[in-house]
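See structure below.
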Amino acid sequence: MFLRLTLSCALLVTGLTGAAGATANAGAAGAAGAAGATDPARNAQAAPGSQPSCSSPYRIDKTLPNGARWRLCWEMRTIEGLTLTDVTYTPKGGETIGVLRSTALAQIHVPYDSGEPRFHDIGTIGDDAIALKAADCPGGERRNQFVCVTTRARGHGYLKSDGEGVSKSVQGTDLVVFAAFQLGWYTYLVEWAFGDDGAITPRIGATGSLSGFTTTPAHGWPVGVGSTKFEESHNHNVFWRLDFDIDGSRGDVVEQYDFTGSGTSKRKLSRTVFDEETKAVNSRMRWWRVVDSGVRNADRHPVSWEINNLASAEYRGPADEAFTRADLYVTDYRACERLASTNPTPGCGKSVDRYVADEDELTDPVVWVNVGFHHVARDEDADPMPTHWQGFRITPRDVTAKNPY
Amino acid sequence: MRRARIMMAFAVAGATAVVGVLSLVPGEQGSQAAQSVARPPSPGDPLTGDEITRAGQIASATWRSHMTTGRAELLYVERDDDKEAGDRRRADAYIYDYRTDRLVVRTVDLAKGEVVEERTGRGVHPPPSRGEETAAAELLLADPEYGERVRAAHLKAGGRPLVSAADLGLRALTFTPRPGDKVAGACETHRCVRLFVRLPDGSWLDTSRIVVDLSAKKILTLEW
């Protein structure tokens, strides 16, 4: 059962824009949600123990040109491969705040369109990491051969004209942590980008080679000369596990936002607070956020990170692959729940749809994001196949009280 | 589409595959382990090679006789990252008992030097280890029909005869049968893997219908 709150437009304006006065405070309290309402508000800061717990060469500490700083640890785990832990963000001129306790891939499910084969590509992928050459890590440094830590231009952070022909603008920069894995004929590029605006972009690129599986025209696309060989279409359903610990594990709540109204002039905000383990599907204009109501920015708004997953192909598999039937899951933290399917730990659920089935109360939420990509081969995919990317965005919402630049 | 086993064709995937330098050589775990250093590791550092070795020895102390006879195998050792364990250095050793088809995960507290937790279960299959990849390839090569086909493909791709499984690039994934699978239904509990085989020219054999049952030491050919 969810605690469902529908806010009026008036409350939306006051509560989420932080207008001054008593109404604004009431609104902020409303936006804080039910959980953690009794916590004394804390200013955004790092919780005890949220500093990276690792040392060189596993520690990454990067201050980007605008002054934003990201600190985290990396580990090449045998099963999940590249895993990032103890991720903290320090906005320009602000206090450090813990964001993620850990994040890693949780599955790459690859079903082919004829119905077979169907692969769960997460094997011991840590052992399949590709030793990177200097050219594979442009402008960055390689850690233990397998991990690239670099920065990358992201385009305009903003651009604004004052109307007098003078404009001001800034270029955005990402810290990028990246590794490549050879899983059969595919090469997977696994990366997380940490922006100077506080955003996180997990994504995975598939390159290497097509499988070479041939099929009928109904399930494939002609490759090579003529129309005799049909390469079989397939999905890459990629799952990420994200253990958010905003300022420590205490006080984190996951909310879903919808904006009702279609074919009408008005849109109305609807907020659903997940107080039990659950699953959710994508919807246009829908997004989620992990919010710590006990941590406020300078405008007294609760600090949160927003998750947007609208780029997914939204693959839905057969009944025995029920884990594919939602785009986001929220579970209560359990160390044994590591993969979205073929989970490797005895005494634990086998897949993420089972983790949420008992609807336990959420005290320390873990978010699982499922992003699908349907790959219909084309002539351009001739070897070596150009990279196709899939991922999602995690953006700060009220982490800083003003433009992070 | 039903295909007779004899019809299986080793189609080559991406005949001109070009990929980066691979770490596909079967062998001891440890290429990803923290480099051995004079100072002790920080709590969030990966396990060192020494820690992996020590955790494996502690976890498998009562399993040695089973391991020497091949009835059980230490698959690998992972750092235990349970945040409720705080800063304690702990390691999870994955042991598979093929005789009873049980997975045993033993958590070793490295400071105490002892097993502090054990979980066991049937039908739970973590990813195949390097040793299991080699064992699966040896079973494939021992199969009269498939073995001959692999050798022929290797000779054609590399211009030299195949000596052992070590000549092949290997990758294995856990195989989970679909409901009602008539050929591989035993893989619900048996330890079954799909094997990907890479030839010296960088191409991959189409082994998508082949499943290796490591518990029964059998090759299965899927029907679809």
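Residue under question is B:Ala166, and the condition is that it be within 15 Å of the chain's Cα centre (by Cα), surrounded by fewer than 20 Cβ atoms within 10 Å (Cβ to Cβ), more than 24 Å from B:Asp50 (Cβ to Cβ) and small (Gly, Ala, Ser); does it hold?
yes
Checking the conditions here, which among A:Ser262, A:Ser283 is under 18 Å from the mean Cα position of the chain (by Cα) and surrounded by fewer than 21 Cβ atoms within 10 Å (Cβ to Cβ)? Quick ask: steps written out before the conclusion?
Working: A:Ser262 fails: under 18 Å from the mean Cα position of the chain (by Cα).
Selected residue: A:Ser283, the only one of A:Ser262, A:Ser283 that is under 18 Å from the mean Cα position of the chain (by Cα) and surrounded by fewer than 21 Cβ atoms within 10 Å (Cβ to Cβ).
Can we say A:Val356 is under 13 Å from A:Phe274 (Cβ atoms), more than 11 Å from chain B (Cβ to nearest Cβ) and of a type outside the set (D, E, K, R)? Steps first, please.
Numbers: under 13 Å from A:Phe274 (Cβ atoms): yes; more than 11 Å from chain B (Cβ to nearest Cβ): yes; of a type outside the set (D, E, K, R): yes.
In short, yes.
On the given criteria, is A:Lys279 at pLDDT 95 or above and not in a strand (DSSP E or B)? If you could, list the steps in order and put the result at the bottom.
Working: at pLDDT 95 or above: yes; not in a strand (DSSP E or B): no.
No: the conditions fail for A:Lys279.
Mind checking whether some residue in region A:211-224 is closer than 30 Å to A:Thr173 by Cβ and part of a loop (DSSP other than H, G, I, E, B)?
Taking region A:211-224 first, the residues closer than 30 Å to A:Thr173 by Cβ are none.
No, every residue in region A:211-224 fails to be closer than 30 Å to A:Thr173 by Cβ and part of a loop (DSSP other than H, G, I, E, B).
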Residue that is nearest to the chain's Cα centre (by Cα), among those in region B:108-130 that are more than 8 Å from chain A (Cβ to nearest Cβ) and surrounded by 20 or more Cβ atoms within 10 Å (Cβ to Cβ): B:Val108
3 or more residues modelled with pLDDT of 95 or more and surrounded by fewer than 13 Cβ atoms within 10 Å (Cβ to Cβ): qualifying strands (runs of 3 or more DSSP E) within region A:116-167: A:147-161
Filter pass, A:Thr103 being over 21 Å from B:Leu170 (Cβ atoms), more than 10 Å from chain B (Cβ to nearest Cβ) and either part of a strand (DSSP E or B) or among the polar types (S, T, N, Q) (or both): yes
Subset of region A:319-336 that is surrounded by 22 or more Cβ atoms within 10 Å (Cβ to Cβ) and touching a helix residue (DSSP H, G or I) at 6+ places or on another chain (Cβ under 6 Å) - its residue that is farthest from A:Asn282 (Cα to Cα): A:Thr331
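Going by the structure shown, is A:Glu337 under 28 Å from B:Asp82 (Cα atoms) and in contact with a Cys (Cβ under 7 Å, 6 or more places away or on another chain)? Give the steps one after another, and end with the answer.
On the way: under 28 Å from B:Asp82 (Cα atoms): yes; in contact with a Cys (Cβ under 7 Å, 6 or more places away or on another chain): yes.
Judged against the criteria, A:Glu337 is a match.
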Strands (runs of 3 or more DSSP E) fully within region A:293-397 counting 2 or more residues that are under 22 Å from A:Ile79 (Cβ atoms): A:328-332, A:365-375, A:385-391
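State all residues of region B:161-174 that are more than 10 Å from chain A (Cβ to nearest Cβ) and either out of contact with any helix residue (DSSP H, G or I) (no Cβ under 7 Å at 6 or more places or on another chain) or of a type in the set (Lys, Arg) (or both); if no residue qualifies, say none. First the steps, then the outcome.
If we filter region B:161-174 for residues that are more than 10 Å from chain A (Cβ to nearest Cβ), which is where we start, we get B:161-168, B:170.
Selection gives B:Val163, B:Ser164, B:Ala166.
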First in region A:289-314 and charged (D, E, K, R), second anywhere and assigned to a loop (DSSP other than H, G, I, E, B) and buried (at least 21 other Cβ atoms within 10 Å of the Cβ), Cβ under 6 Å, 6 or more apart: A:Asp292/A:Ile246; A:Asp292/A:Asp247; A:Asp292/A:Gly251
Check on A:Val352, in contact with an Asp or Glu (Cβ under 6 Å, 6 or more places away or on another chain) and among the β-branched types (Val, Ile, Thr): no
Subset of region A:123-157 that is on the phi > 0 side of the Ramachandran plot and out of contact with any strand residue (DSSP E or B) (no Cβ under 7 Å at 6 or more places or on another chain) - its residue that is nearest to the other protein chains (Cβ to nearest Cβ): A:Asn144
When residues of region A:183-209 are limited to those that are buried (at least 21 other Cβ atoms within 10 Å of the Cβ) and in a loop (DSSP other than H, G, I, E, B), the one farthest from the other protein chains (Cβ to nearest Cβ): A:Asp197
Meets criteria (closer than 18 Å to B:Asp101 by Cα, touching a helix residue (DSSP H, G or I) at 6+ places or on another chain (Cβ under 8 Å) and part of a loop (DSSP other than H, G, I, E, B)) for B:Pro200: no
Options B:Glu133, B:Glu138; residue that is under 29 Å from A:Val110 (Cα atoms), outside any loop (DSSP other than H, G, I, E, B), at pLDDT 95 or above and within 11 Å of chain A (Cβ to nearest Cβ): B:Glu133
Matching residues, region A:163-201, being among the aliphatic types (A, V, I, L, M) and farther than 30 Å from B:Leu199 by Cβ: A:Val166, A:Val170, A:Leu175, A:Val176, A:Val177, A:Ala193, A:Ala199, A:Ile200
Test result for A:Asp113, touching a helix residue (DSSP H, G or I) at 6+ places or on another chain (Cβ under 8 Å) and either surrounded by 23 or more Cβ atoms within 10 Å (Cβ to Cβ) or within 20 Å of B:Gly44 (Cβ to Cβ) (or both): no
Test set (1) assigned by TED's automatic domain parsing to the domain that holds B:Glu188; (2) at positive phi - B:Gly113 fails condition number: (1)
Per-region count, region B:80-107, residues hydrophobic (A, V, I, L, M, F, W, C), more than 8 Å from chain A (Cβ to nearest Cβ) and under 19 Å from B:Gly70 (Cα atoms): 2
Qualifying residue in region B:46-68 (condition: in contact with a strand residue (DSSP E or B) (Cβ under 7 Å, 6 or more places away or on another chain), under 17 Å from A:Gly126 (Cβ atoms) and within 7 Å of chain A (Cβ to nearest Cβ)): yes
Tally, over region B:175-194, of residues that are facing chain A (nearest Cβ under 10 Å) and surrounded by 22 or more Cβ atoms within 10 Å (Cβ to Cβ): 3
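The values are calculated or read from the model by the stated rules, or taken from the named source; none is laboratory data. Just so we're clear, the structure is a prediction, and the values are computed from it rather than from any experiment. Don't worry about glycine lacking a Cβ; one is built from the backbone with ideal geometry, like all the others, and counts go over all protein chains shown.
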